[in-house]
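The values are calculated or read from the model by the stated rules, or taken from the named source; none is laboratory data. Quick caveat, the model's predicted, so the values are computed rather than measured. Positions of Cβ are generated from backbone atoms using ideal geometry, with glycine treated the same way; all protein chains shown enter the neighbour counts. In case anyone asks, the SASA skips ligands and DNA or RNA and just uses the protein heavy atoms, side chains included. Shrake-Rupley method; radii C 1.70, N 1.55, O 1.52, S 1.80 Å.
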Amino acid sequence: MKMIFLGPPGAGKGTMASKVKAAMGIPHISTGELFRDNVSRQTELGLQVKSIMDRGDLVPDDLTVAMVKERLERPDAEKGYILDGFPRTIPQAEALAKIVELDCVVNFSCSDEELIRRLTGRRQCPKCGRIYHIAFMPPKAEGVCDDDGATLSIRADDTLEAVQNRLEVYEAATKPLISWYTNNGLIKTVDASAAPDAVFDFVKDALEI
Ligand SMILES: [Zn+2]
């Protein structure tokens with residue numbers, strides 16, 4: 001099954017991708033990882049991407065599409081795959097449609113309130129780097145690391161303001177894609193606000209696996 005996972009930060013898309021990958025034996029292809037892999041193998045595309053990213057510029061669509069195309073042509077992707085982080089734009093979606101025929105697009109839908117609860121609860125130990133979550137994985141004593149007693153801090157991207165901004169950016173970028181895939185009849189919306197086991201059941205229902 002060839003599919004795309006769409007979902008805002010905090011919707012648990014990555015966790016679901018690894019569960020579906022294990023259940024169906026198909027690769028999980030994220031563009032972030034694909035960039036890093038091409039850069040580390042020093043492929044021709046990787047070298048181009050690296051010089052663009054080193055300048056602080058955005059990787060243009062044609063390079064991203066070329067990298068995705070090359071990845072989808074490998075033998076392990078023959079039975080299907082989960083694309084994550086791609087497409088991000090309508091031109092990318094159009095380019096993808098020319099390369100492959102998708103089976104479905106899973107849209108992980110979650111209220112902003114729940115996403116904010118998940119994303120702003122993260123705390124990190126500045127000394128050892130251990131990550132906690134005030135609701136899901138709290139330290140034994142509030143605000144301090146279990147391992148070394150250091151005072152936990154909140155990363156700049158996890159503040160309320162930064163999270164709201166990330167969600168707005170996501171929403172603006174993804175709305176057109178959701179309409180595009182809805183018009184193509186490919187969208188299956190899953191309620192991602194539930195606990196992970198329940199969300200996985202919804203995904204299995206949506207994919208009929
Ligand atoms: Zn620590």
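Some points to look at:
- In region 10-46, residue least open to solvent (accessible area, probe 1.4 Å) [restricted to those that are out of contact with any Phe, Trp or Tyr (no Cβ under 6 Å at 6 or more places or on another chain) and of a type in the set (D, E, K, R)]: Asp37
- Residue within region 167-174 that is within 16 Å of the ligand (Cβ to nearest atom) and farther than 24 Å from Val65 by Cβ present: no
- Matching residues, region 190-203, being surrounded by fewer than 14 Cβ atoms within 10 Å (Cβ to Cβ) and part of a helix (DSSP H, G or I): Pro196, Asp197, Ala198, Asp201
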